[in-house]
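Structure first, commentary second.
The values are calculated or read from the model by the stated rules, or taken from the named source; none is laboratory data. All values reported here derive from a predicted model rather than from experimental measurement. Every residue, glycine among them, receives a Cβ derived from its backbone with ideal geometry; neighbour counts consider all protein chains shown.
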Amino acid sequence: MRKKGFTLVEMIIVVAILGIMAAIVIPQFRGNVVQAKDSASLTNLATVRTQIELYALQHNSFPPGYVSGVGTTLAVLELQFIGTTTVAGLASPSTVPADPFLYGPYLRKIPKNPFSGLSTITYVAEATAFSAVVDGTSSGWLYKKETGEIALNWTGSDIKGTPYYDY
């Protein structure tokens, strides 16, 4: 009686074909992951930048980071984004507008940097270029409160050669 099954040679051929297919497909998936992170970065930045502009419109042209025209801490900055605020910029952790905290919230939460997974923000002085402080590890975002500019805190460049901090 003859047994049915695969020979060792047939198994080796199948494994070799699967290996070749994996060698072709896996690099393409890796490229898609980087592309997805680039896209998420651009989307997150567009959202945050729009909310910074809205905040400034509602707070006498002061972007987040100020209370009554005076610079404030990063903790207050975060509350200005995710909580409610007064016209002077005082922040409340409440997400329901109530007198005198009538403005906001502008974001449900600070988005994560798709590359580092960090959602923290670091202040950058107005005269300092983002390129001088980008490190990719200290925070997810770099923010200039004087101008309302925000940038991705990630080193390197996208596939077009654009540095991530220039997005």
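The table for this structure:
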| item | result |
| --- | --- |
| Hey, residue 101 surrounded by 18 or more Cβ atoms within 10 Å (Cβ to Cβ) and either more than 24 Å from the chain's Cα centre (by Cα) or modelled with pLDDT under 95 (or both) or not | yes |
| The stretch 73-131: number of residues that are free of Cβ contacts under 8 Å to residues at least 12 places away in the same chain and of a type in the set (A, V, I, L, M, F, W, C) | 3 |
| Some residue of the stretch 115-132 being over 18 Å from residue 73 (Cβ atoms), surrounded by 21 or more Cβ atoms within 10 Å (Cβ to Cβ) and modelled with pLDDT of 95 or more | no |
| Tally of residues being in contact (Cβ under 8 Å) with a residue 40 or more places away in the chain, assigned to a loop (DSSP other than H, G, I, E, B) and out of contact with any helix residue (DSSP H, G or I) (no Cβ under 7 Å at 6 or more places or on another chain) across the stretch 42-70 | 1 |
